[in-house]
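Okay, structure first, notes after.
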Amino acid sequence: MKIVPPAFEIIAPSFGSSFYFSQYVENANSKAHLWHYHPEIELVFVNGGSGKRQIGSHISYYTDGDLILIGSNLPHCGFTNEETGNKNETVIQMKPDFLGNDFFDISEMKNIRNLFSQAKAGIAFEGETKKNIGKKIESMEKQPHFEKLLTMLSILNELELSNEYTVLNADGFRMEMQMQDNDRINGVFNYVKDNFQEHITLEEVAVLVSMTVPSFCRYFKKITNKTFTHFVNDYRLVHASKLLAEKPISITEICFESGFNNFSYFNKSFKEFTGKSASQYRQELSSVLK
């Protein structure tokens, strides 16, 4: 078995515009299951629903929609599928210099320049920011091109001023590395995505990237600031969170379907990860989703 590197996505701006804008109804975005990256900065608004977000080495589960800003060349999967339950998904993508080489160097653009820098680690916005900015993003669909650009700049400025956000790869993950490293580490991410329900050994992954186990462990920790075991467990726990919210199956079944082979270890890990037991998490989430 070999690892599959993330797809490099080529993005063309929308006709008559300096950036790309698209709105998908429900789960119509066909890239949801693919690891991909691109030089464009990406702003995504998911209107309603719940699902997984996988950005860089960060994996989590969102509820009541999502508003995400993803930096240049930061690999990610899509955020919606047939089980998300969202009304629609709006995706905006722009090159860091989409308004010219020096435009964001002027003093009035300081906030947006700061936002783009922070977005290198991925940012999730919450609360009133998600709600209000989401409405503005959706209103852009019917705006003429110039008004759409002004709305875009206003949105970016508001996002930088908001304090309702979480930096997703807060431990220092960055995809600013050689292309060989980029493809190698994201190949590992792809492998975990496709095989997390099975037993994954350090030996098999090290072989896949042509490294010794000690070298791979040091390499993975240096780039992601997580051990490989920690990363795989996070992936499994987020999948368990998704199953707890979406499937009426027993917690024991969820444990094994998420790739854990020890129920007591699953319970302990889940509580450390979420601060709640699996049953408490399911109960609280079901009341929120209603």
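The values are calculated or read from the model by the stated rules, or taken from the named source; none is laboratory data. Keep in mind the model is a prediction, meaning the values are calculated, not measured. For neighbour counting, all protein chains shown are included, and Cβ atoms are generated from backbone atoms with ideal geometry for every residue, glycine included. SASA here: full protein model, heavy atoms, side chains in, ligands and nucleic acids out. Shrake-Rupley method; radii C 1.70, N 1.55, O 1.52, S 1.80 Å.
Data for the structure
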quantity	calculated
Heavy atoms of Y24: accessible area, 1.4 Å probe, square angstrom to 10	40 Å²
Principal axis dimensions, largest first and in whole angstrom, of the range 197-266 by Cα	42, 20, 20
Length gained when the stretch N157-K110 is fully extended (0.36 nm per residue, less Cα-Cα span)	16.0 nm
Straight-distance crosslink candidates among lysines, where the alpha carbon sits under 17 Å from K242 and sequence neighbours closer than 8 are dropped	K52, K193, K271, K276, K290
Summed residue charge, Cβ within 14 Å of K131's Cβ, Lys/Arg positive, Asp/Glu negative	-3
Solvent-accessible ranking of F98, F103, F270, largest area first, probe 1.4 Å	F103, F98, F270
Kyte-Doolittle at least -1.0, axis length at least 20 Å by Cα - qualifying DSSP helices, the chain	145-161, 228-246
Gaussian network model of the chain, springs between alpha carbon atoms under 10 Å - residue of V46, V192, V209 with greatest fluctuation	V209
Heavy-atom accessible area ranking, 1.4 Å probe, most first, across H38, H239, H230	H230, H239, H38
Debye log10 I(q)/I(0) at q = 0.15, 0.17 Å⁻¹ for the range 65-172, Cα point scatterers	-0.69, -0.90
Computed [θ] at 222 nm, deg cm²/dmol, the chain (DSSP H ≥ 4; -39,500 (n - 2.57); rounded to nearest 500)	-13500 deg cm²/dmol
Convex hull volume per residue in cubic angstrom - Cα atoms of the chain	135 Å³
Antiparallel bridge percentage (DSSP; both residues within the chain; nearest 5)	95 percent
Accessible carbon and sulfur surface of the chain relative to its total accessible area, %, 1.4 Å	52 percent
Rel. contact order, % - alpha carbon contacts under 8 angstrom, at least six apart, the range 47-205	26 percent
Radius ratio Rg over Rh of the range 49-116, counting only Cα atoms, Kirkwood formula for Rh	1.06
The range 43-139, accessible area per residue, ligands and nucleic acids excluded (1.4 Å, Å²)	36 Å²
Most mobile listed residue (G100, G78, G51) in the chain, GNM with C-alpha springs under 10 Å	G100
